[in-house]
Amino acid sequence: MRVYPEQLGRHLSPLAQCYCLFGDEAWLIESARGQLLEAARTQGFEERISLEQENSFNWQDLENEWLAMSLFASRRIIELTLPQAKPGAEGSAMLANLMAQPNPDLLLIVRGPKLASEQTNSKWFKALDKAGIYLPCNTPEGQQFNRWLEGRIQAHRLQLQPDAKALLTSLYEGNLLAAEQALQLLALLTQGRTVGAAELEQYFEDQSRFNVFQLADALLNNQQDRAAHMLAQLRAEGTAMPIVLWAIFRELTTLLTLKSATEARESLAPLWSKLRIWDKRKPMYDGALRRLSLNQIEAMLALSSQLELKLKQRGEEDWTLLMHLCLLFDPNAHQRLIAVHD
């Protein structure tokens with residue numbers, strides 16, 4: 001059954017046997033996946049198995065997982081990634097066969113790229129569609145984007161005038177991840193105030209001039225002198241600390257995701273696309289991942305949480321502590337500075 005991503009919330013209780021997330025919009029796929037995993041957790045699905053159709057993939061592994069009993073007597077989730085959405089003859093037969101063996105203690109989540117009519121008319125897809133729900137996660141355009149944007153504005157409890165919404169549409173149509181990040185930042189800055197296009201224009205002009213993203217790049221490259229100079233300049237120009245902290249926190253959460261995958265010996269290939277990290281920026285992240293341990297990244301996130309609490313609870317902008325956070329992008333600084341804040 002075809003269901004659009006914004007309608008998914010109505011189809012989570014009870015969960016269907018399988019959900020197919022296919023499309024060219026990574027943000028929609030990950031958002032839908034997050035909703036599914038949360039709903040599954042509340043319904044007793046605790047174990048999760050991830051499979052990806054690579055060159056050496058054995059379809060028998062999927063059947064074995066389908067028929068296996070849980071080690072922890074809990075319901076299980078199987079995530080299957082089809083990078084080309086082409087399971088082949090063996091995979092097609094396997095998927096059709098498994099869908100003919102319904103199991104209420106299993107949830108199958110299948111992910112892949114945008115489907116062509118040749119694929120949606122195939123036997124394997126029809127078997128999945130009949131047994132579950134198909135979510136076409138394609139980049140919305142025109143009125144579809146406007147409806148998506150309106151939904152996200154409501155989710156963030158933003159009060160935006162019509163001209164402000166029109167400005168956001170002109171800036172971000174076609175880039176849902178950037179739009180979502182902008183809305184997160186606006187929610188932090190506006191605190192429930194009604195905002196018009198004039199204020200947004202001023203904000204975007206300021207953001208371009210102060211360029212917190214250049215600071216983030218300097219930190220990823222461990223250019224400490226450059227980062228210190230830029231942070232001082234941002235402060236001198238009156239940049240709100242929440243903007244700077246937001247940019248750094250975003251990079252830290254990205255590093256945490258990548259480092260966790262590396263520690264689990266998982267491929268980073270699907271994450272580059274999911275996190276919208278283009279080829280020219282990959283060397284910066286690779287360098288930071290080689291430099292920093294998982295424990296160090298987690299310690300930096302804990303320190304950023306301290307900064308956020310000071311801002312939200314006491315309205316205190318602690319630029320010294322923020323400087324310490326920046327210094328921690330150099331692993332040699334951890335032993336020195338973390339001890340100061342323990």
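I need the Kirkwood Rh of the chain: take the reciprocal of the average 1/r across all distinct C-alpha pairs and report it in angstrom.
Computed over Cα pairs of the chain, the Kirkwood hydrodynamic radius comes out at 22.5 Å.
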Quick one: of LYS274/LYS312; LYS126/LYS282; LYS114/LYS312; LYS165/LYS312; LYS280/LYS310; LYS259/LYS310, which pairs are farther than 32 Å apart, Cα to Cα? LYS126/LYS282; LYS114/LYS312; LYS280/LYS310
Whole-Hz Karplus ³J(HN,Hα) for segment 247-252, in order, using 6.51 cos²θ - 1.76 cosθ + 1.60 and θ = phi - 60°, x for Gly and Pro? 5, 5, 4, 4, 5, 5
Heavy-atom accessible area of THR320, protein chains in place, probe 1.4 angstrom, given in Å² to nearest 10, is 90
In deg cm²/dmol and to the nearest 500, what is the mean residue ellipticity at 222 nm of the chain if only DSSP H runs of at least 4 residues count, each as -39500 (n - 2.57), divided by the residue total? -18000 deg cm²/dmol
Dipole-positive endmost among SER122, ASN175, GLN144 within segment 110-220 (Cβ charges, Cα centre): SER122
Between the helical axis of 282-291 and the dominant principal axis of the chain, each derived from Cα atoms, what acute angle in degrees is found, rounded to the nearest 10? 80
Can you give the extra length, in nm with one decimal, that the chain gains between ARG291 and THR169 once fully stretched, where that is 0.36 nm per residue apart less the Cα-Cα distance? 40.0 nm
Low-density loop positions, chymotrypsin sites (Phe, Trp or Tyr not before Pro), segment 250-334 - DSSP coil, at most 11 other Cβ in 10 Å: TRP278
Considering every pair of different Cα atoms, what Kirkwood radius, in Å, is found for segment 31-101? 13.4
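What is the diffusion coefficient of segment 105-145 in µm²/s, taking the Kirkwood radius over Cα pairs and the Stokes-Einstein relation at 25 °C with a viscosity of 0.890 mPa s? Show your work: numbers first, answer last.
Working: Rh = 12.0 Å.
Using the Kirkwood radius from Cα pairs, D works out to 205 µm²/s.
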Computed FRET efficiency, Cβ-Cβ of GLN223 and SER260, R0 25 Å: what is it to the nearest 0.05? 0.50
Pop out the carbon and sulfur fraction of the accessible area of the chain as a percent, whole number, probe 1.4 Å. 48
Compactness of segment 266-342, expressed as Rg and Dmax over alpha-carbon positions, Å: 14.9, 42
How much length would be gained if the chain were fully extended between LYS126 and ARG48, taking 0.36 nm per residue of separation minus their Cα-Cα distance, in nm to one decimal? 25.6 nm
Quick one: Kirkwood hydrodynamic radius for segment 213-342, alpha-carbon pairs, angstrom, one decimal? 15.2
Solvent-accessible area of LEU189 with every protein chain in place, 1.4 Å probe, in Å² to the nearest 10: 50
Hey, with R₀ at 35 Å, roughly what FRET efficiency would GLU298 and GLN154 work out to, going by the Cβ-Cβ distance, to 0.05? 0.60
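So what's the net charge close to MET1: Lys and Arg +1, Asp and Glu -1, counting the other residues with Cβ under 10 Å from its Cβ?
+1
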Go through GLN7, VAL195, TRP278 and say which Cα lies farthest out towards the positive end of the charge dipole of the chain; charges sit on Cβ, +1 for Lys and Arg, -1 for Asp and Glu. GLN7
Exposed-site-free run, longest, the chain (rule: GluC sites (Glu not before Pro); DSSP loop; at most 13 other C-beta within 10 Å): 142-236
Say R0 is 30 Å: what FRET efficiency, to the nearest 0.05, do ALA236 and GLN335 get from their beta-carbon distance? 0.45
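The values are calculated or read from the model by the stated rules, or taken from the named source; none is laboratory data. In this text, all values refer to a predicted model and were calculated from it rather than measured experimentally. With ideal geometry, Cβ positions are generated from the backbone for all residues, glycine too; neighbour counts draw on all protein chains shown. Please note that ligands, DNA and RNA were not included when accessible areas were found on the heavy atoms of the full protein model with its side chains. Shrake-Rupley method; radii C 1.70, N 1.55, O 1.52, S 1.80 Å.
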